[in-house]
Amino acid sequence: MSYIKGRRLEYQVRDLLKKTGDFVVRQAKSSFPDLIVIRKCTGKKFAVECKWNGYLTQDEKIKLFELWVKYDLHPILAYKKKGKIKFKDILFNEDVNTL
């Protein structure tokens with residue numbers, strides 16, 4: 001059941017970002033990170049990990065940081081709170097309204 005919920009969240013985040021014109025690739029089969037995003041307006045690149053509970057393990061944070069260092073993919077956590085999709089910037093440990 002948790003796999004289905006996680007996949008559903010990944011699709012919701014993907015669709016939300018595509019509506020703004022961003023290039024979004026969802027990695028299948030529980031690959032890490034869940035989404036790779038390139039912003040249309042800025043060209044900035046993101047590694048987005050989607051979690052229903054809004055919690056990343058220390059290992060996941062380290063992997064996201066490594067992607068940032070190696071590929072300049074800014075690490076973002078996407079989660080749901082009160083039925084709305086929220087984004088958290090992992091580098092600055094703060095919620096952001098959008099990518």
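FYI, it's all coordinate maths here, none of it is from the lab. Keep in mind the model is a prediction, meaning the values are calculated, not measured. A quick note on method: Cβ atoms are made from the backbone with ideal geometry, for glycine too, and the neighbour counts reach across all protein chains shown.
Couple of notes before you dig in:
- Beta bridges by DSSP in region 2-96, antiparallel share as percent, to the nearest 5: 75 percent
- Separation of the ASP72 and ASN97 label points, Cα + 7 Å toward Cβ, nm: 2.6 nm
- Mean projected area (nm²) of the alpha-carbon convex hull when region 2-49 is viewed from all directions: 3.0 nm²
- Segment TYR55-GLN27, length gained on full extension (0.36 nm per residue, minus Cα span): 8.1 nm
- Per DSSP, loop trypsin sites (Lys or Arg not before Pro) in region 33-79 with at most 14 further Cβ within 10 Å: LYS40, LYS44
- The chain - mean residue ellipticity at 222 nm from DSSP helices (-39,500 (n - 2.57) per run, n ≥ 4, rounded to 500): -10500 deg cm²/dmol
- Highest-fluctuation residue, TYR71, TYR79, TYR11 considered, GNM on the chain with Cα pairs under 10 Å: TYR71
- 18 Å tail of the calculated P(r), the chain, as % of Cα pairs: 40 percent
- Net lengthening on full extension, LYS86/LYS44 (0.36 nm per residue, minus Cα-Cα): 13.3 nm
- The mean sequence distance of close C-alpha pairs (under 8 Å, at least 6 residues apart), as a share of the length of the chain, puts its relative contact order at 19 percent.
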